[in-house]
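Got a structure for you, written out below as structure tokens; questions coming shortly.
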Amino acid sequence: MADVLKLTVPGKAEYVRAVRMTAATVASGCGFDIDQIEDIKVAISEACTNIVLHGGPEPVDYEVVFEVGEDTLSITVEDRGEGYDVEGYVEPVPGEIQEGGGLGIFIIRALMDEVDIRSEVGAGTFICMKKRLLAQAV
């Protein structure tokens, strides 16, 4: 059975750091190395920052769930904000500045092993990110 830690986070920029630090603590406890922990911290920062910036005109509280499995850390970030059209997402081209963002999702996908994103305009966004714990050489 996996250990689960759930946070309800106010949709304000000042709380993103608290989520980052929680992610680092959980990942460290799982045995991830420093590079993997940094990847996890950046990915969760991007997910949370997207909510703060694009969740709606008023701050939107969101949920962060850490699920510690035997060899995988799953992190779910979910809000009930404005959402967006996932099908209309255009992955940014390196070296080109893109109007309207989209870089955060690109970064999350690059840093995590698995990423599932679901969103509905007017109903919010769900992001599940997974990082597998690779056997460390001793």
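Taking the stretch 31-60 as the region of interest, how many residues are among the hydrophobic types (A, V, I, L, M, F, W, C), surrounded by 13 or more Cβ atoms within 10 Å (Cβ to Cβ) and modelled with pLDDT of 95 or more? Lay out the reasoning, then the answer.
First pass over the stretch 31-60, keeping only residues among the hydrophobic types (A, V, I, L, M, F, W, C): 32, 34, 37, 40, 42-44, 47-48, 51-53, 60.
Now restrict to residues that are surrounded by 13 or more Cβ atoms within 10 Å (Cβ to Cβ): 32, 37, 40, 42-44, 47-48, 51-52, 60.
Now drop any that are not modelled with pLDDT of 95 or more, which leaves 32, 37, 40, 42-44, 47-48.
Adding up the residues that qualify gives 8.
Restricting attention to the stretch 61-73, which residues are aliphatic (A, V, I, L, M) and surrounded by fewer than 20 Cβ atoms within 10 Å (Cβ to Cβ)?
Val65, Val68 - these are the residues of the stretch 61-73 that are aliphatic (A, V, I, L, M) and surrounded by fewer than 20 Cβ atoms within 10 Å (Cβ to Cβ).
Going by the structure shown, is Glu82 at pLDDT 90 or above and surrounded by 13 or more Cβ atoms within 10 Å (Cβ to Cβ)? Let's see the steps before the verdict.
On the way: at pLDDT 90 or above: no; surrounded by 13 or more Cβ atoms within 10 Å (Cβ to Cβ): yes.
Answer is no for this residue.
The values are calculated or read from the model by the stated rules, or taken from the named source; none is laboratory data. Note that this is a predicted model, so its numbers are computed, not measured. Please note: Cβ atoms are built from the backbone with ideal geometry, for glycine as well, and neighbour counts cover all protein chains shown.
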